[in-house]
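Here's the structure, in structure tokens; my notes come after.
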Amino acid sequence: MTRIISILKRINNGVAVTAGLALLACITIILVDIVLREFGVAFSGSEEISGYVMAAVTSWGVCFALTAKAHVRIDLLRQKGGDKMRSLYDLIALASLSYVAIYVAYRAWPVLTKTLKSGALSNTALEVPLYIPQSIWFAGWIWFALSSSVLLILSVLLVLQGRHQIVDETIGTGDEQ
């Protein structure tokens, strides 16, 4: 189980690096646009591309935040309990997060299918087929739902085995207390 969690963390670390590179590329495009404007050259589309990148980075970035334990939590009650109570609170938090991820992925699917059926293009000079950025965005939500669900199932199994320390290191606060 810990091997699967480790693989999940490595994949999400790769996701974070890819998202960071996408943001750097976006910054470069925006800087080129600014410089070209100084020379009177019109380069439209940087704001549109950056919007697509931000949507994609957000949906994929929450996956990294999941395995990096970077999601916001309120630890007031958690800090007062023993190992078993902390594990229970961590499972409740992860179950809630997993539910939200599944719900958003479920609600995102009709958006993508409608775009695929209509062949919609962006309402700009770039005329980007909207299924491209929406597919990347949707895939991020699917990966988040999958990642959080796998992590939840593995964490429940670890709790049932009484391996509370591993649960704390995996989905809790670990040694941050």
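Couple of notes before you dig in:
- Restricting segment 117-127 to residues that are farther than 18 Å from ALA55 by Cα and either open to solvent by less than 100 Å² (accessible area, probe 1.4 Å) or in contact (Cβ under 8 Å) with a residue 40 or more places away in the chain (or both), the residue that is farthest from the chain's Cα centre (by Cα): ALA125
- Residue match in segment 8-24 (condition: in contact with an Asp or Glu (Cβ under 8 Å, 6 or more places away or on another chain) and surrounded by 18 or more Cβ atoms within 10 Å (Cβ to Cβ)): no
- Verdict on LEU157 being open to solvent by less than 80 Å² (accessible area, probe 1.4 Å), at pLDDT below 95 and out of contact with any helix residue (DSSP H, G or I) (no Cβ under 9 Å at 6 or more places or on another chain): yes
- Restricting the first member to segment 128-140 and to residues that are within 13 Å of GLU48 (Cα to Cα), and the second to residues that are of a type outside the set (A, V, I, L, M, F, W, C) and open to solvent by 40 Å² or more (accessible area, probe 1.4 Å), the beta-carbon pairs closer than 7 Å and six or more apart or on different chains are PRO133/TYR52.
- Lone unmet requirement of (1) over 27 Å from PHE43 (Cα atoms); (2) touching a helix residue (DSSP H, G or I) at 6+ places or on another chain (Cβ under 9 Å) for PRO110: (2)
- Whenever a residue of segment 65-89 is part of a helix (DSSP H, G or I), its partners that are among the β-branched types (Val, Ile, Thr), lying with C-beta atoms within less than 6 angstrom and at least six residues away or across chains, give the pairs SER87/VAL159; SER87/VAL167.
The values are calculated or read from the model by the stated rules, or taken from the named source; none is laboratory data. Keep in mind the model is a prediction, meaning the values are calculated, not measured. Quick reminder, even Gly has a Cβ in these numbers, built from the backbone with ideal geometry, and neighbours come from all protein chains shown. In case anyone asks, the SASA skips ligands and DNA or RNA and just uses the protein heavy atoms, side chains included. Shrake-Rupley method; radii C 1.70, N 1.55, O 1.52, S 1.80 Å.
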